[in-house]
Each structure stands twice: as structure tokens, then as C-alpha cells.
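Asker: Could you have a look at this structure, given as C-alpha cells, before my questions?
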Amino acid sequence: MRKAALHVAAGVLTLAAAAPALAGENDPLIINGQIEITTRTAAPAHLDGHLSEIRSGWTFRTDETQVMQMDDFDNPAMIYVDAATDAWNTVEGSADKSCASCHEGPESLAGFRATTPKWNAEAGAVWTQEMYVNNCRTERMGAEAWDWNGQDMRNMTALLASVSRGMPVNVAIDGPAAETWEKGREMYYTRFGQLELSCANCHEDNYDNLIRADHLSQGQINAFPAYRLKDTNLVSVHNRFRGCIRDTRAATFAVGSPEFIALELYVASRGNGLSVEGPSVRN
Amino acid sequence: MRTALASVVALTLCVGVAQADTITPEDVMFDYGEVAQSLTGTPGDAANGIKVMTNRGLGNCIACHQVTALEEYPYHGEVGPSLDGAGDRWTPEQLRGIVANAKEMFPDSIMPSFYKRSGYIRVGDAFTGKAPANESDITTLLTAQEIEDVVAFLVTLKD
């Protein structure tokens, strides 16, 4: 009984403390009272004539969803970061190594999420985080590759995002990555499926509008992987793409396909200047 | 038994007649976005038009349009303009054209083309995310009669 009363009191206190922070779309996002997140900023130059301001999906969510991301204790995605931290330190594969054997702490990879997807000169292709992780597993650890959309991989991308939180997204779109980026841009403006909808139809022309009960965002991926309340789990970038294209009544592309790698680079570049924010909380 | 048989025959006849009078998507004549001729020759049923407009699996029009007369059906989106007064702004022929293929009236519109069945990029088998076994099996988003039903409702939207 006393315990319950205390609990309620604590709840009221938390609420009271959080109340001024309950955020509108113009309020700042500060995680754990210390990591400042840029959720609105000037659009990168390549979006001239398309968007003047870019906005994190966080600015479109309800107060209740927004506040879950302001403290790691309230962020349901953090248990997956913890699981990935364990995996990080676990020796696996024929080389008797863990991630930590080569990289020490995960913080050593701060900045990695902010600049991927990126050109991998050795492979002669644009690589996502998943491809780098699997390359380490198969080539350096002698372990099995993880499924792109499997729980282990989603957890690890959440850990990699978390150590870059607050850093500006800054993917390169020129040089050897330009060709892939251009493919991604073309896809972004292609009207797929029987509903003939492009990414831009909703996320460039109609962000901030309601479609049925959904408040359309700019479709930014700076905050991925995202914990979706609807799925009660982490959602990868490619899985989100797959769902959106399916919803246009189209034959969608596969997770990990060259098309989605190109689209990921392009969509990431539309968020150049926003902060890395993952793992985030979304509805 | 005899009644059952009779009604099967009657039904077959009905379908036969409807098909004979139904204009296929390929044969619809647009004139500056409007379609003069009924797609079926059968007058539209406004009550069914409401069902089509509010049902997610059918027209789902209110996903994008606010309509005061349909307030009891949540939730109304704001991607397109409110349809209040649409029956004053547009003739029935224009409304038929807009619902059948809005891109004839509003080039590049985000509004889906409800009476069309080919010419898509990577068309899927409904919402499965998969390609259809045969692209020629793709059916229009709404049937010809459903379009007529929606038009019958839209003309009642007067200020």
C-alpha cells in the first residue's frame, strides 16, 4: 500500500517535471538532459526548390510519443541497445573475436551512423551499416552474416545510432557515390503502384497534412532505427521503405536490394543537417 | 427449385445487360476532364456512394477529403480540398470525370485514378507487395457502378 502510494507520488513528480518539456513542434529535443538534437534546420542545397526546411519525424508526433524519447529510461528502444551491447562484447566465429576485440567500446564508432550509407572503395559500391556489420562478421570474425532485417542486426544498428546521437547527418552525395544517389533520387520521385504515389507525393508535397488519421512527416530517416509503438519493436529503414511502397499497391522491392540501398542514400541526404536521433520512438 | 433456377437465369441476364452497357476503362471519353456519358446506364445509388467514399478498401476518399455530410465516419484527411459544395462547383459530368480519372482534370494530381487498369509502374497484387500473376488481371480500383454511385452522392453536396 505504501509502496503504491509512493509510486503514484513518484509518477506525479515525473509528470510535473516533464510537463514543461512536453514538446510542441517547435520545441527542442534534448535527450537525457544533455544530448541536443537538431530537429529542424535549413534544407541542404540539393533540395533547393523542393524544401526550405527539413524536420525530424519527432516534430510531427504527439506530446506523449515525443516525451518517450527525451529520457533513455522511457525509451522502449533502449533494451535493444543493451542487447546489442552484450552482442558487441560476445566472442563469436572461427577467429575467436568480438566487435570489442577490434573496436574496443561502441563509442569508438561515433560518427559512423552519421555518414552512412557511404562509398566503400574496396567493394566499389555504396554500403549501408548492415553491410559493414556483416562484412566484419564474415571476414574478420569468421561468423555467420546476420539477416538484414533480423533482430540482431536491428539491435546493432540501434547501438551504432545511439553512439552518434546529436551528430549532424552528413552523407556524401558526390564523387563515386553520385551515381547511386542519382538512382535513389529518381526512385523518390517515381509514382509506384496502382495508387501511383511517389515518396515525394506524401513526404515533400503533403508533409504536415493529415491523411486519414496519420500526420504526414517528411519521411526522414535520421532517427532510424525507430521503435514503432504499433509494432512494439525496432523497425529498419528498408522495412519501412518496403511497407510504404507496398501501400501504394505496388510490387515492392526487397530489404537489402540495390534499389533500397540507393533510396536509403538519397533519403539520408535529404536529412543532411538534422541530428542522428536513433533509436527513436514513433507511432 | 424452379424459383431458384429462375432467379439464376434472371441474375445471368442482369449481369449480361450490365456488361453490355458498361463502358470499359479504355473506352471512356474524356473531354477537358469531363465524361458526358454514364459508365453503366444505371442511375447511381447515393447511399452506396457514401459506403464507397468512407470504406478504406474501396474509395477511401475521406482519407484525403473533409466532407461535413460524412462527419459520422472518422477520420477525414486534408491532402485534398473539402468536398463541401462540390455539387455546386462541378457538373455531374465533371464529377464523373474527376472520380474516374482525376489526372484528366488536374494533371499530375495525387488523387488516384479510380477507373483505370493499366499503365502503372510496378503494379502490385492489391496490398500484398507482390507482383500480380498476370498484369492483365488487374481490376480498376472502383467498378463502373461504384463510380456512378459516388457521383450520385457528390451531386448532393450543395452549400
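Asker: Would you check which residues across segment B:70-92 are open to solvent by less than 30 Å² (accessible area, probe 1.4 Å), within 14 Å of chain A (Cβ to nearest Cβ) and either under 27 Å from B:Y32 (Cβ atoms) or modelled with pLDDT under 95 (or both) and list them?
Answerer: B:V79, B:G80
Asker: Somewhere in segment B:101-110, is a residue closer than 29 Å to A:M187 by Cβ and within 12 Å of the chain's Cα centre (by Cα)?
Answerer: So in segment B:101-110, the residues closer than 29 Å to A:M187 by Cβ come out as B:101-110.
Now restrict to residues that are within 12 Å of the chain's Cα centre (by Cα): B:101-102.
Yes - at least one qualifying residue is present in segment B:101-110.
Asker: With respect to A:N209, determine if the residue is over 19 Å from A:F253 (Cα atoms), within 7 Å of chain B (Cβ to nearest Cβ) and touching a strand residue (DSSP E or B) at 6+ places or on another chain (Cβ under 9 Å).
Answerer: Values: over 19 Å from A:F253 (Cα atoms): yes; within 7 Å of chain B (Cβ to nearest Cβ): yes; touching a strand residue (DSSP E or B) at 6+ places or on another chain (Cβ under 9 Å): yes.
The answer is yes for A:N209.
Asker: Being in contact with a helix residue (DSSP H, G or I) (Cβ under 8 Å, 6 or more places away or on another chain), within 14 Å of chain A (Cβ to nearest Cβ) and hydroxyl-bearing (S, T, Y), is that true of even one residue in segment B:42-51?
Answerer: No, the conditions are met nowhere in segment B:42-51.
Asker: Now for a separate question. Would you be able to say whether some residue in segment B:93-103 is open to solvent by less than 70 Å² (accessible area, probe 1.4 Å), within 10 Å of another protein chain (Cβ to nearest Cβ) and under 22 Å from A:G193 (Cα atoms)? Show your work before the answer.
Answerer: First, pick out the residues of segment B:93-103 that are open to solvent by less than 70 Å² (accessible area, probe 1.4 Å): B:93-103.
Filter once more, keeping what is within 10 Å of another protein chain (Cβ to nearest Cβ): B:103.
After this cut, where a residue has to be under 22 Å from A:G193 (Cα atoms) as well, the list is B:103.
Among the residues of segment B:93-103, at least one is open to solvent by less than 70 Å² (accessible area, probe 1.4 Å), within 10 Å of another protein chain (Cβ to nearest Cβ) and under 22 Å from A:G193 (Cα atoms), which makes the answer yes.
Asker: Filter segment B:47-60 down to residues that are buried (at least 16 other Cβ atoms within 10 Å of the Cβ) and either among the polar types (S, T, N, Q) or assigned to a helix (DSSP H, G or I) (or both), then give me how many there are. Steps first, please.
Answerer: Going residue by residue through segment B:47-60, those that are buried (at least 16 other Cβ atoms within 10 Å of the Cβ) are B:48-54, B:58-60.
From what's left, either among the polar types (S, T, N, Q) or assigned to a helix (DSSP H, G or I) (or both): B:48-54, B:60.
Residues meeting the conditions: 8.
Asker: Given the condition among the polar types (S, T, N, Q) and buried (at least 18 other Cβ atoms within 10 Å of the Cβ), answer yes or no: does some residue in segment A:123-130 qualify? Walk me through how you get there before you give the answer.
Answerer: As a first pass, look at segment A:123-130 and keep what is among the polar types (S, T, N, Q): A:128-129.
Those left that are additionally buried (at least 18 other Cβ atoms within 10 Å of the Cβ): A:128-129.
Checking segment A:123-130: at least one residue is among the polar types (S, T, N, Q) and buried (at least 18 other Cβ atoms within 10 Å of the Cβ).
Asker: Here's a follow-up. Is it true that A:L265 is crowded, with 22+ Cβ neighbours inside 10 Å and either on the phi < 0 side of the Ramachandran plot or of a type in the set (F, W, Y) (or both)? If you could, list the steps in order and put the result at the bottom.
Answerer: Working: crowded, with 22+ Cβ neighbours inside 10 Å: yes; either on the phi < 0 side of the Ramachandran plot or of a type in the set (F, W, Y) (or both): yes.
Judged against the criteria, A:L265 is a match.
Asker: Take segment A:216-253 and flag every residue that is in contact with a helix residue (DSSP H, G or I) (Cβ under 8 Å, 6 or more places away or on another chain), within 14 Å of another protein chain (Cβ to nearest Cβ), polar (S, T, N, Q) and surrounded by fewer than 24 Cβ atoms within 10 Å (Cβ to Cβ).
Answerer: Once the filter is applied, which keeps residues that are in contact with a helix residue (DSSP H, G or I) (Cβ under 8 Å, 6 or more places away or on another chain), within 14 Å of another protein chain (Cβ to nearest Cβ), polar (S, T, N, Q) and surrounded by fewer than 24 Cβ atoms within 10 Å (Cβ to Cβ), segment A:216-253 yields only A:S217.
The values are calculated or read from the model by the stated rules, or taken from the named source; none is laboratory data. Computed from a predicted structure; not experimentally measured. Because the Cβ atoms are built from the backbone with ideal geometry, glycine has one as well, and the counts that use them run over all protein chains shown. Please note that ligands, DNA and RNA were not included when accessible areas were found on the heavy atoms of the full protein model with its side chains. Shrake-Rupley method; radii C 1.70, N 1.55, O 1.52, S 1.80 Å.
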